[in-house]
Amino acid sequence: MTEPASTAPTGAAAPEAAGSAGAAAPEAFGRLVHLGIGNFARAHTLVATQQAGGWEVAVFTGRSPAMAEALNSQSGKYGLVVRGPERDEVEIIDVIDEAFAASDVEALDRLIADPFTAVVTLTITEKGYSAGNDPATSATARLAGALRARREAGVTEPIALVSCDNLSGNGAVLKKAVLDAADEETRAWFDDHVDVISTMVDRITPSASEEEKDLVLRETGLADQVPVVTEPFTEWVVQDAFRGRRPEWEKAGVQLTDDVELHELRKLRLLNGSHSLMAYAGQLAGCERVDEAIAHREVRALVETLWSEARSTLPLPEDELDAYTTALEERFRNPRLADALIRIAADGSEKLQVRALPVIAERGGPDKAPGAVAAIAAWTLWVTERSRDGHEVADPRAEDIAQAAALEDDTARVTALVALLGVEGETADELVAKVAAEEKRLPRG
């Protein structure tokens, strides 16, 4: 592990740009701390940070310390396998200086309290922002505690918190979660010292296997325990609202903009929404991978219906939307990426709330959004059959899902499952009726 080239003393003043109006210029030095180090962060966020150059990186795991142990044993290096339709490109990513278990709160407090740390990025999944205020289980609660340590250390340089999760308005969601867990003094200090940045991230990252370990060893000589596989496509749109230092992500093709919202919605409703639909409808139809699902005639028809609905909610030029969905289909059809539907199916009770329900609402109700209704129906039927077959559903509401799935009456079962999506009242009654009917029309394998 390397030491920082220069670390400002605690309480050091911010760079001149940090005190000026508007966004600060990127800097060629600093430390970035990442929370929730997993496949996506290593295939996307950290790759861009390496390409930016000059910044130290410390990472923390989500739950298990295994990733930190593996990375530390490899001096922070890991193999990136970019899997195109015809061939692989293998690269060693060497940007991580230190890796820690999520439970090492002392290390997090120390790093955040150091003014050399200027950016915190997060990939904690949708459910991570509703994990509560217990530092033992909540990354945002641990971050709130670390910001308290920074405040108590008297650091004046701004620090930026950057959400890289698939949530609409992810910066606002992150800010609320952190402030809910913070003490009163830190809440009062927050706005003058902390920037919360929204982003849109996009790069499909399936799980790696023993095959990729062998490939990295053969191509690079690194005996890699934790390689990461991804696609050639990558996109990162970042809100340009940093008062303090940040990496020169522009060097990696990152787009800095004042308006991230439209990019977020485009990705959530077209890519993520169709991903969720294929995850459930595809498995019900007998498919195991994304490329199989998009090639299945009836599943593909559902995806096209969903895309048509979602496009009508996006105030973007038709040619831009055409280009985006065409590129999505090409990405989905990549047979060598072999992205498993079961992986994408996790956490449906959280994902559908931001991927399907807003489309239904903006279209004017379930009867005007059959594609989004199909995504929900595929989920209710898939979790029902999986639970009844004795398999636990990977979801933060797994116990509630199992209880609902056990109900014999279809209306009661669908009502209970739809309630887990947060839909209530007359809207729920209408949605339940449409979902129950759609379950019977879904393609089966």
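The values are calculated or read from the model by the stated rules, or taken from the named source; none is laboratory data. Please read these numbers as outputs of a predicted model, since none were measured by experiment. Glycine also receives a Cβ, built like all others from the backbone with ideal geometry; neighbour counts cover every protein chain displayed. These area figures cover heavy atoms from the full protein model, side chains too; ligands, DNA and RNA do not enter into them. Shrake-Rupley method; radii C 1.70, N 1.55, O 1.52, S 1.80 Å.
For GLY84, nonlocal amide neighbours, meaning residues 5 or more places apart or on other chains whose placed amide H falls under 5 Å from its own, are GLU89. Between the amide H of ALA99 and those of VAL59, distances stay under 5 Å, these residues lying 5 or more places away or on another chain, with hydrogens modeled in the peptide plane. Proximity of backbone amide H atoms, modeled 1.01 Å from N, is registered between ASP195 and ILE159, ALA160, LEU161 at under 5 Å, excluding neighbours fewer than 5 places apart on the same chain. Shape class for region 31-88, computed from the alpha carbon gyration tensor (a ≥ b ≥ c): oblate, with a/c not under 1.5 and a/b at or below b/c. Across the options SER130, ALA149, VAL120, the greatest Cα extent toward the positive end of the charge dipole of the chain (unit charges at beta carbon of Lys, Arg, Asp, Glu) belongs to SER130. Accessible area of GLU261 (1.4 Å probe, protein heavy atoms only, ligands and nucleic acids ignored): about 110 Å². Working from Cα pairs under 8 Å separated by at least six residues, relative contact order for region 54-136 is 31 percent. Modelled this way, with points 7 Å down the Cα-to-C-beta line, the labels at GLU430 and ASP410 are 2.2 nm from one another. Projecting the Cα atoms of ILE401, VAL423, GLY445 onto the charge dipole of region 390-445 (Cβ charges, centred on the Cα centre) puts GLY445 farthest toward the positive pole. From the square roots a ≥ b ≥ c of the eigenvalues of the alpha-carbon gyration tensor of region 113-153, which class results: rounded (a/c under 1.5), prolate (a/b over b/c), or oblate? It comes out oblate by the Cα gyration axes.
Under the combined filter of DSSP loop state and at most 15 neighbouring Cβ atoms within 10 Å, region 325-413 retains these GluC sites (Glu not before Pro): GLU392, GLU408. Charges were assigned to the Cβ only: +1 to each Lys and Arg, -1 to each Asp and Glu. The resulting dipole of the chain about its Cα centre is roughly 340 debye. Sparse packing (at most 12 other Cβ atoms within 10 Å of the Cβ) combined with a DSSP loop state is found for none of the GluC sites (Glu not before Pro) in region 109-194. Solvent-accessible surface of protein heavy atoms, probed at 1.4 angstrom with all chains present, puts ASP258, ASP214 in the order ASP258, ASP214, largest first. Computed with every protein chain present, the accessible area of THR220 is close to 50 Å² [probe 1.4 Å].
The simple Förster model, with R0 at 51 Å and r as the Cβ-Cβ distance, assigns ASP134 and LYS251 a FRET efficiency of 0.85. Carbon and sulfur atoms: what percent of the 1.4 Å accessible area of the chain do they account for? Looking at the chain in its full context, I get 47 percent from C and S.
Net charge dipole, region 321-445: roughly 540 debye, given to the nearest 20, about the Cα centre with Cβ charges of +1 for Lys and Arg and -1 for Asp and Glu. Modelled spin-label separation between GLU399 and SER207, with each label point placed 7 Å from Cα along the Cα-to-Cβ direction: 2.5 nm.
Between the listed residues ILE344, TYR78, GLY169, the Cα displaced farthest toward the positive end of the dipole of the chain, a dipole computed from Cβ unit charges relative to the Cα centre, is found at ILE344. Bridgeable aspartates and glutamates around LYS127 (alpha carbons under 14 Å apart, same-chain partners fewer than 8 residues away excluded): ASP165, ASP347, GLU350, ASP395. In the frame of its principal axes, region 217-263 has Cα extents of 44, 25, 17 Å, reported largest first.
Overall, region 209-257 carries a charge dipole of about 460 debye about its Cα centre when +1 sits on the Cβ of Lys and Arg and -1 on the Cβ of Asp and Glu, all other atoms neutral. Put a dot 7 Å past the Cα of GLN353, heading toward its Cβ, do the same for ASP389, and the two dots end up 2.7 nm apart. Cross-link pairs exceeding 26 Å in C-alpha to C-alpha distance, out of LYS351/LYS434; LYS213/LYS267; LYS175/LYS368, comprise LYS213/LYS267; LYS175/LYS368. Taking a ≥ b ≥ c as the square roots of the eigenvalues of the alpha carbon gyration tensor, region 238-369 is prolate, as a/c is not under 1.5 and a/b beats b/c. Maximal additional length on extending the ALA153-ASP319 stretch stands at 54.6 nm, based on 0.36 nm per residue less the C-alpha distance. Looking at region 146-244 alone, DSSP beta bridges between its own residues are antiparallel in about 50 percent of cases. Residues in the chain average 40 Å² of solvent-accessible surface per residue, probe 1.4 Å, ligands and nucleic acids excluded.
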